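Each remark here refers to the structure printed beneath this line.
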Amino acid sequence: MSAVTNEVVLDEAKLNEFLGRVVGDMGAAISAVMVRIGDRLGLYKALAAQGPATPAELAKRTSCAERYVREWLDNQASGGYVVYDPKTGRYALPPEQAAALADESSPALMLGGFQIIDSIFRDARKMEERFKNGDGMAWGDHSPDLFEGTERFFRPGYVANLVAAWIPALDGVKAKLEKGAKVADVGCGLGASTILMAKAFPRSTFVGFDYHGASIEAARERARAAGVGDRVRFEVAGATDFPGNDYDLVCHFDCFHDLADPAGAAARVKKALAKDGTWMLVEPFANDRPEENHNPVGRVFYGASTMLCVPCSLHGHGPALGAQAGEKRLAEIIGKAGFANVRRATQTPFNLILEAKA
């Protein structure tokens, strides 16, 4: 008997190009762990606050071991996260990197994304089983880093855009909020969006709903710390049964695609709104065709969707819209709930902002 083999001729240039991408991804994956260490141990903040340092100086500032800090700094310098001056032997965190890695108030802060990645790696074995059996995974069953990481990831975008651009893009909503309106923030998580709105519009009242009890407890603490406890409250409730009616504004921030029953949630919003009320739906940016999302932002969102968004919806036997559902699919669900007017109010590279009215 003779074996027949099909020889594949490889294009060496294309192979080397792809291997270069793989090496880059390996470096990025390993360095994501380094970023988490730098975040948790305060290494970035120490460089930002006290300026360039040798490994020994940074180790002393942060009460860490010099040998580990030295290796960490060279990893960071290799990726361009810090810069090295061979004349002085010191490493520095440029202001642009500091805005992304050391300033919790910065609209460019990216540390939350790495915290989400940390959670995803911890839960990878659980998800491998779900790839086989098709089961979902409840949001609350993930590593706790996910909850804080999600808030830290989305909050900078909300800080930069929510009050300054998104609300003004809605028809007549800003004027209502300035006068005094009733607002529901559904799927509020740790309350970043709710608290930002409450601080900006002191004459309005806000209630944040989330089915995850631990997040609601954290949101209450954050509202008290922010000094908005007089006009904000947080309650444990689901997207299809949150209490109250006659809301002037109902919001869903980066959570609608996660829901087990998005159609039911849309119907609940329709019932909960005042006669001239508005629904603001903030979703991850996505085009309607998959190939149009095959880009760096889509790569991040599809990965997060695989590990977080799809299993969350499947846990409740939902349609698993995913983080790249796209405007057309979202608008169809909204329209079937009785909203006659649906439009894209505005957008950013990371978000679609839809406005729905009856």
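The values are calculated or read from the model by the stated rules, or taken from the named source; none is laboratory data. Quantities reported herein were computed from a predicted structural model and do not represent experimental measurements. Cβ coordinates were reconstructed from backbone atoms using ideal geometry, including for glycine residues, and neighbour counts include every protein chain displayed. Ligands, DNA and RNA are stripped out before the accessible areas are found, and what is left, the full protein with its side chains, is counted by its heavy atoms. Shrake-Rupley method; radii C 1.70, N 1.55, O 1.52, S 1.80 Å.
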Next item on the list: For the range 46-97, enumerate the residues that are assigned to a helix (DSSP H, G or I), touching a helix residue (DSSP H, G or I) at 6+ places or on another chain (Cβ under 7 Å) and open to solvent by 20 Å² or more (accessible area, probe 1.4 Å).
Entry: A48, Q50, A56, R61, T62, E66, R70, N75
Next item on the list: Give the range 315-328 a look and list any residue that's assigned to a helix (DSSP H, G or I) and open to solvent by 60 Å² or more (accessible area, probe 1.4 Å), or say none.
Entry: H315, K328
Checklist line | the range 268-295 - residue that is among the polar types (S, T, N, Q) and open to solvent by less than 40 Å² (accessible area, probe 1.4 Å) and, of those, farthest from A358 (Cα to Cα) | finding: N293
Notebook entry, point to check: When you look at V310, is it open to solvent by 60 Å² or more (accessible area, probe 1.4 Å) and more than 15 Å from L170 (Cβ to Cβ), yes or no?
Noted result: no
Notebook entry, point to check: Residues in the range 139-175 that are modelled with pLDDT of 95 or more and outside any helix (DSSP H, G or I): how many?
Noted result: 6
Notebook entry, point to check: What residue, of R268, R329, is without any contact (Cβ under 8 Å) to a residue 40 or more places away in the chain, farther than 28 Å from K126 by Cα and not hydrophobic (A, V, I, L, M, F, W, C)?
Noted result: R268
Note to self: Six or more apart or on different chains, Cβ atoms under 6 Å: show the pairs whose first residue is in the range 113-139 and within 17 Å of G149 (Cα to Cα) and whose second is among the hydrophobic types (A, V, I, L, M, F, W, C) and surrounded by fewer than 20 Cβ atoms within 10 Å (Cβ to Cβ).
What the structure shows: F114/A32; I117/A32
Check: How many of the residues making up the range 344-357 are open to solvent by 50 Å² or more (accessible area, probe 1.4 Å) and more than 23 Å from the chain's Cα centre (by Cα)?
Finding: 0
Next item on the list: Identify, by number, the condition in (1) open to solvent by less than 10 Å² (accessible area, probe 1.4 Å); (2) touching a residue at least 60 places away in the same chain (Cβ under 8 Å); (3) assigned to a helix (DSSP H, G or I) that G298 doesn't meet.
Entry: (2)
Checklist line | Selection within the range 277-291 - part of a loop (DSSP other than H, G, I, E, B) and closer than 23 Å to K174 by Cβ | finding: F285
Checklist line | Count - residues of the range 156-174 that are open to solvent by 40 Å² or more (accessible area, probe 1.4 Å) and more than 17 Å from M280 (Cβ to Cβ) | finding: 0
Margin query: Return the pair list, or none, for Cβ contacts closer than 8 Å from residues in the range 16-31 that are under 17 Å from Q76 (Cβ atoms) to residues that are assigned to a helix (DSSP H, G or I) and open to solvent by 50 Å² or more (accessible area, probe 1.4 Å), at least 6 apart or on different chains.
Written below: G27/S78
Check: Being open to solvent by 10 Å² or more (accessible area, probe 1.4 Å), at pLDDT below 95 and either over 21 Å from D145 (Cα atoms) or not in a helix (DSSP H, G or I) (or both), is that true of even one residue in the range 243-252?
Finding: no
Checklist line | Set G79, G38, G42: member being under 31 Å from the mean Cα position of the chain (by Cα) and in contact (Cβ under 8 Å) with a residue 60 or more places away in the chain | finding: G38
Next item on the list: Just give me the residues in the range 107-136 being open to solvent by less than 50 Å² (accessible area, probe 1.4 Å) and part of a helix (DSSP H, G or I), in sequence order.
Entry: L111, G112, G113, F114, Q115, I116, D118, S119, I120, A124, M127
